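Notes to accompany the following structure.
Every number in this text was worked out from the coordinates using simple rules, so none of it is lab data. Values in this document were obtained by computation on a predicted structure and should not be read as measured data. Positions of Cβ are backbone-derived with ideal geometry, glycine not excepted, and every protein chain shown enters the neighbour counts.
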């Protein structure tokens, strides 16, 4: 007794599951490439910190800002990369440049299936476009 | 000793991965080429192993019966522990594969020598740790889908939000991340602290645990401490899916450690005890119905053996049979 | 009997030593009492097994064939291709340790290599060395060992220290069955002539005479007639045993110990009284005079060879179906191997009780019904009259024998019978009965006298559970449905729980069975008064 049929079904299920991302990507329309971000349209060219740091760790910065502002009321942030002073504010500082949530925040967050709870409290500003 | 050797082995592997940061070529090798090859080895290796098992027949139906058989209609049989047919087997396997039913029965022997008493106490720690580890592992792997597919399926998001239900930390610390590390830690400590388990452990048993711990911890650190640019990671991984080998930008040593240890796990899998994953499906003491007397099981290589026949027996004991008044076939 | 007292013997340390298990060394000389003597030349020659010779495990040189390693390697390879179980069991163990303290031999000896996982590792380490890439490259790191003479000696010691009871398999998350592993290891050892006499001699006897004890047909008949005469003398009950009757409806297969020695003989008489009362048209066979099959402890080929006679005789006698008596490993063979090996049985009919009309659907293909299934059906259908008070001197517990438990799942039938034939029934603690039951420690060919210390050690879990019900409920009789149990449990009970006797289930059935035209019974089958002696003096 070999039960070959059942084992073959099992092997096929295993292979299909293990390679499922390939099938999934092949069957969906969306491109797996990284989203292109819209650069600020207000003429600003530098962020509060270096781009690399912002891409990987902006949530740390925002978290730190939130705690600082809520607990101490201190709103001045000194950039570790440029030494400039910024106002610790998501809506005023960040969104001043990155004014469109959908095009900026959501683009990556959707791509990575991240749903931050910023907007549970903050009101999403009206987009520039 | 074995525990130490394995720890060193995994540490060396991790250090090897760190060298990848040094050059673009190495980044490509460690970040794309090795994972691709490792995955191929895993896929082919597992299929080859299972195929080899499948090529050997199951000559006899030898289920371990852990409950009442199906016999007389008025005796209630225990279909899940002693299946009488396919449905029962499916149920038994379902509970075995997904909920480790056999391990749930575990007991611990207690010898009270001065009272001359032997006790058997139910113990669920191993079961709980095994469940925590395997289910966490499954969910963690499933969560990684977001790096591989676009758009990320809704179900992955649902699992993520359930897993991050407690909303601790930014980014949210998933319950399964913690459970995975804690349960692996328990399994490792148990191996080292329980004298019997320590005695039976091979170096490779520690190796698998260290490897998994290395993967889990490096992943955890990458998410919560030394963050990486995950958008770039996903872009690179998605590239592999269309067979473009690229290593992601904006990632550090942790990323290479994580990915290299996963690659080692992939390669190690088909050549090690990790084969218990497909093996549990093929265990003839679990996946067969206990209906031997109702339905004949066929052995494809049943040897043409004939025993001592009645005629030979009668001939040998002829005189004694006659003297004893037996009626003979041949006078 | 062991020289050590129970209090001494129970001083067991379950903590393993510091020394690693991979270094094989067994000092047979200092461990007398825990191993069995090797197979006798005569039996081995008669069966045509490999390498007949005089040798002893205590010898330095075991007089193996020159190329013994190659023989075992080739035999291993062949079996890996023939048994999926072997391959899967060699590759899937994760050494989680769930089985470690489930073995009666481990509990009773503390010897770490009696942990089922290590017992299997003894074979698995050779598997890794010989047949896996990791084992070949990494050696001991991957758990591989070379097959040396010391390893073989260790195999002999520990694979003949496993009773193939399958208790560990119940707890294994992958269902790894140490019985299967032990069977393979014993087959491999058989190939180079490493075996024990307590399996080789019964096998040779069984092949020649039809039963393990080597009882020849005339003695078979005499024994049975003697037992029947004794019954007539003691209780005034006449039964007419039927032997080798052509055209009978049922062939009745029994373990030979039942018509050979107490207390099995009481059970044997119990069967015959039952058949007499219900008027069953049955026959026993002097040729198929053994249901037990020590081939199970030798090799798969030997199982088939010895089992051959059952269907062969059923066909010759022209019976319709078969009933099997109370025997443990016999039932493992009848249930899990017989039909596959020696079927199909198109010359027999689906078993149907001529008394109740019940069709035994669960035996539709094999055509063999367990006597407990048969009797439970009789009781359920009220076809026999029972007076359970005749067993009132007994306070009864039931020992689930390994094979009917973990290879069939025959739990309720004997209990249903016992509850109908006696008034005082008590279960032993739940982790020691049913699928969790503990072995008598004398199965699988280990029930010999030279192995007595190991039997008593392995018997600790069962003996201790028995002592518990003896102390808690005054239990004085342990019933069981296995002939090896009836032979091995009496010394075990005497050692660990003195005052408890051993019986078969059908002995108690026959005590309670009200037979047509019988005179009032004052004695039970053992010729003892029906009332306990102490009771008579206190009863007013």
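Computed values, structure above
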| quantity | calculated |
| --- | --- |
| Shape call, segment C:242-322: gyration tensor on alpha carbons, a/c limit 1.5 | oblate |
| In degrees, nearest ten, helix B:253-268 long axis to first principal axis of chain B (Cα) | 20 |
| Two-site label geometry, residue C:387 and residue C:70: point separation in nm, points 7 Å out along Cα→Cβ | 7.3 |
| D_trans [Stokes-Einstein, Kirkwood Rh over alpha-carbon pairs] for the protein assembly as shown, 10 °C, 1.306 mPa s, µm² s⁻¹ | 50 |
| Chain C: angle of helix C:460-473 to the longest principal axis, Cα-based, in degrees nearest 10 | 30 |
| Length-normalised contact order for chain C - Cα pairs under 8 Å, 6+ apart - percent | 17 |
| Normalised contact order of segment C:383-443, rounded percent, pairs of Cα under 8 Å and 6 or more residues apart | 45 |
| Test item: C:206-219 mean partner chain Cβ contacts at 10 Å | 3 |
| Helix-only [θ]222 nm of chain B, DSSP H runs n ≥ 4, -39500 (n - 2.57) each, per residue, nearest 500 | -17500 deg cm²/dmol |
| Burial ordering of C:8, B:316, fewest other beta-carbon atoms within 10 Å first | C:8, B:316 |
| Euclidean distance of C-alpha centroids, segment C:201-244 and segment A:1-70, integer Å | 80 |
| Contact order relative to length of chain A, as percent, for alpha carbon pairs under 8 angstrom and 6 or more apart | 24 |
| Inter-label distance for residue B:26 and residue C:5, nm, one decimal - labels placed 7 Å from Cα along Cα-to-Cβ | 7.2 |
| Calculated [θ] (222 nm, deg cm²/dmol) that DSSP helices of n ≥ 4 give over chain C, each run adding -39,500 (n - 2.57) | -13000 deg cm²/dmol |
| Neighbour-count order for C:434, C:119, fewest beta carbons within 10 angstrom listed first | C:434, C:119 |
| Spin-label model distance (nm) - residue B:166 vs residue A:74, 7 Å beyond Cα toward Cβ | 3.0 |
| FRET efficiency, 1/(1 + (r/R0)^6) with R0 60 Å, evaluated for residue A:96 and residue B:37 via beta carbons | 0.80 |
| Förster radius 25 Å - calculated FRET efficiency between residue A:4 and residue B:301 (Cβ-Cβ, nearest 0.05) | 0.95 |
| Order of C:345, C:397, A:19, C:356 - criterion: other Cβ atoms within 10 Å of each residue's Cβ, fewest first | A:19, C:356, C:345, C:397 |
